[in-house]
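Each value in this text was obtained by applying a stated rule to the coordinates, not by laboratory testing. Just so it is clear, the model here is predicted, and its values are computed rather than measured. FYI the Cβ positions are ideal-geometry reconstructions off the backbone, even for glycines, and counts take in every protein chain you see.
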Amino acid sequence: MFGLKLSPKLGETIMDEPVFFDLKTVNFLRETLDDAWACLGPEQRAVTNRSELAEHILKTAAKGERDKDRLLDAALSKIAA
């Protein structure tokens with residue numbers, strides 16, 4: 001199990017407890033990050049940090065989401081905003 005305590009940004013609430021992902025979920029989330037990165041064009045990659053994409057994916061997964069398309073949408077919509 002891997003633990004993660006997400007730090008809030010302005011206007012976000014903090015989770016009191018760390019979120020834990022099993023190895024299978026960690027691998028799934030890593031694949032989702034790779035897919036999200038592949039969806040970006042060269043110009044977007046130049047101004048986007050992979051860590052930023054990962055943070056959006058992890059925050060969404062921490063809320064219980066496991067659907068790959070929804071995780072991708074959550075990450076990519078934050079980047080596009």
* To do: Please list, in chain and number order, the residues 5+ apart from Val19 or on another chain whose amide H is under 5 Å from its amide H, with Hs placed from the backbone.
  => Leu4, Lys5, Leu6
* Structure fact -> Magnitude of the Cβ-charge dipole (Lys and Arg +1, Asp and Glu -1) of region 22-80 about the Cα centre, nearest 20 debye, reported as 140
* Karplus 3J(HN,Hα) series, Hz, for region 32-38 with 6.51 cos²θ - 1.76 cosθ + 1.60 (x for Gly, Pro) -> 5, 4, 4, 5, 4, 4, 5
* Asked: Among Thr32, Thr60, what is the fewest-to-most ranking by other Cβ atoms within 10 Å?
  -> Thr60, Thr32
* Which distance in nm do the two modelled labels at Arg30 and Arg66 give, with both placed 7 Å along the Cα-to-Cβ direction? -> 1.9
* To do: Select from Ala80, Gly64, Leu40 the residue farthest towards the positive end of the dipole of region 22-80; place +1 on Cβ of Lys and Arg, -1 on Cβ of Asp and Glu, and compute about the Cα centre.
  => Gly64
* Between Ala46 and Glu17, what FRET efficiency comes out of the Förster formula 1/(1 + (r/R0)^6) with R0 = 30 Å and r the beta carbon distance, rounded to 0.05? -> 0.25
